[in-house]
Structure formats: structure tokens, C-alpha cells
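Please read the structure below before turning to the comments.
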Amino acid sequence: MRQFLTAFIAATALLVAPISAQEQCVQEQCAHIEAMLQMKQANVAQGTIIYSITFQGNSAIQTSTLQQQLKINPNTEYSFHGFTKAVRRVQIYYMNNNFPQAKATYQVFPSAVDGQIAIVITIQEGA
């Protein structure tokens, strides 16, 4: 019984361990970015087809690597929450690769094809 209690206490300590300052910063930045995006994206209907996704501002990490982190491709349906989470993955990827000040935001534009959208993801890599 004592071994069980010791193991239980050790396991639950991990669940309530304080988060690091970097993790707290990421959470705060993501919450701020999500709030800004909600204001900008309010007029895009859920389920609209994504015509294109482009990156700008990235020089340290190749676009193909960022596309893999995004995990969303053109010709799929747009979801605000899904795309916001995807952009957050890109930002966290930067932070995990020695760019702690990196920011990733996106804007949605009407595309040349009726009823579809073009998305531009802007990267600020930071110093």
C-alpha cells in the first residue's frame, strides 16, 4: 500500500507541477493571437474551401517544413478553430527551434475562385 501511495503522489505531482515561464508566455501569446484572429476572421463562413496557403517572413525555416507543421492543405474546408490551432503549432515549432520571440499570424482573403479563400501566414521570427 505504501508503494502505491508513493507512486500515486509522484504521478499527481506531475499533473499539478507549475508550468515554466516559457510555457506561460506561449499560452498568453496564443490567447492574444486567438482573440485578434477572432475579430479579423468573423466574416469567413465555416466550411469555406481553402484555395491557397502561403507563408511570408520565414527565412530561417523552410516553407515545406512549416507546411508539415501546419497539417492543413489547400482544397480543404476552413475552420477558424482548426486553422488557429494549426498556426499555433507553427509558432510553437519556431519557439522549440530557438526562436522564442517568434510570432505567427494569418489573414484570410477572397481568392480568384468564387466562394474560396486564400490564407497568408505571416511569420515574425524575432531575434
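Values as computed for the structure displayed
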| quantity | calculated |
| --- | --- |
| Tensor-based shape of the range 50-127 (alpha-carbon gyration tensor, a/c under 1.5 rounded, otherwise prolate or oblate) | prolate |
| Sorted by Cβ density within 10 Å, fewest first, the residues Phe109, Phe80 | Phe109, Phe80 |
| Ranked list, fewest to most other Cβ atoms within 10 Å of each Cβ, for Val113, Val108, Val120, Val90 | Val113, Val120, Val108, Val90 |
| Amide H within-cut-off set for Phe55, under 5 Å, with H built and near neighbours excluded | Ile121 |
| Long-range amide H partners of Tyr78 with built H, under 5 Å | Gly47, Thr48, Ile49, Ile50 |
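Each reported figure results from applying straightforward, stated rules to the coordinates on display, with no laboratory input. Fair warning: this is a prediction, and the values are worked out from it, not measured in the lab. Because the Cβ atoms are built from the backbone with ideal geometry, glycine has one as well, and the counts that use them run over all protein chains shown.
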